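See structure below.
Every read-out reported here was derived from the displayed coordinates using simple, explicitly stated rules and does not represent laboratory data. On a predicted model such as this, the values are computed, not experimentally measured, just so you know. Note that each Cβ is placed from the backbone with ideal geometry, even for glycine, and that neighbours are counted across all protein chains shown.
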Amino acid sequence: VNVTPMSESIAPYYYYRNKQGAKSNAITIDVGGETTDIYAVENNIPMMLTSFRFASNAVFGDGYNWDADNNGFVKLYKDEIQSILRTNNLVDLDNAFAGILDKKKSSDIIAFFFSLAGNKQVTNLNVNSLNFLQKLSDNKQLKYIFVLFYASIVYHVACTMKARGLQVPSTIAFSGNGSRTLAILSTNDKTLADFFGRIFSKVYGGNAVAIDVILEKQPKKATCKGGILRTD
């Protein structure tokens with residue numbers, strides 16, 4: 001069997017280019033748990049591949065030797081979600097949740113929260129109140145956390161690209177499970193494009209820039225399908 005190794009950061013670009021119309025000057029931002037990975041191309045030629053340790057666990061995880069007892073997201077939603085599980089007699093999920101809570105690892109608890117919306121037991125009962133992403137989107141105070149989070153990432157990417165002499169990208173495409181929270185900022189791609197365009201404009205000297213933003217609803221699919229679509 002011929003196996004071609006490929007960076008996880010590179011694969012999404014081929015999906016977005018072939019299936020979502022990403023332009024020839026593009027960057028993919030893969031937001032994971034521990035790291036965010038960046039891949040940049042100009043005229044379809046790879047120009048930059050880099051990674052930094054600032055990703056979803058910076059928002060949801062445990063820093064400074066704290067645990068879930070100190071995590072604001074867990075404290076805010078733990079009792080509510082546990083009550084919904086019990087009210088709907090979702091015994092298996094309630095038991096699983098209890099086991100996860102015992103370990104007091106915030107990133108695992110938050111991952112469980114996110115997983116509920118796609119769980120078959122939940123969807124069969126049509127329990128919409130277990131959509132954690134929707135809960136975060138509806139909380140206007142928490143939205144500022146994610147505005148700051150994505151502004152930080154894109155600002156760092158813009159500064160890195162400028163330092164390396166790269167052009168402003170025409171397309172920013174997001175992948176990785178961590179990027180699901182991008183919908184908390186807005187579900188309107190034009191709003192997101194304007195937001196990130198303003199950051200690039202500021203970093204690159206103030207001229208207005210036009211940027212398209214692409215996000216797959218199930219971001220990990222972009223990685224899987226991109227690996228298949230790269231044929232060279």
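Figures for the structure shown
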read-out	value
Virtual paramagnetic centre 7 Å along Cα→Cβ of residue 20, amide N under 12 Å, in the range 174-198	174-177, 179-180, 182-183, 189
For residue 51, distant residues with modelled amide H under 5 Å away	38
Per-residue ³J(HN,Hα) for the range 133-148, Karplus 6.51 cos²θ - 1.76 cosθ + 1.60, θ = phi - 60°, Hz, x for Gly and Pro	4, 5, 4, 5, 5, 7, 8, 5, 6, 6, 4, 5, 4, 7, 4, 5
Global size of the chain as Cα Rg and Dmax, reported in angstrom	19.1, 58
Residue 163/residue 191 FRET efficiency (R0 25 Å; Cβ-Cβ; nearest 0.05)	0.35
Long-range Cα-Cα pairs in the range 179-232 (distance over 19 Å), rounded percent	45 percent
Restraint check, 23/220; 75/220; 105/221; 75/221; 162/225; 19/143, Cα-Cα greater than 25 Å	75/220; 105/221; 75/221; 162/225; 19/143
Principal axes of the range 2-111: Cα extent on each, largest first, Å	54, 34, 30
Mean Cβ count within 10 Å, highest first, over the residues of peptides 14-21, 59-66	14-21, 59-66
In sequence order, calculated HN-Hα J values of the range 45-51 (Karplus, 6.51, -1.76, 1.60; Hz; x Gly/Pro)	9, x, 10, 7, 9, 8, 8
Förster radius 22 Å - calculated FRET efficiency between residue 134 and residue 86, Cβ distance, rounded to 0.05	0.60
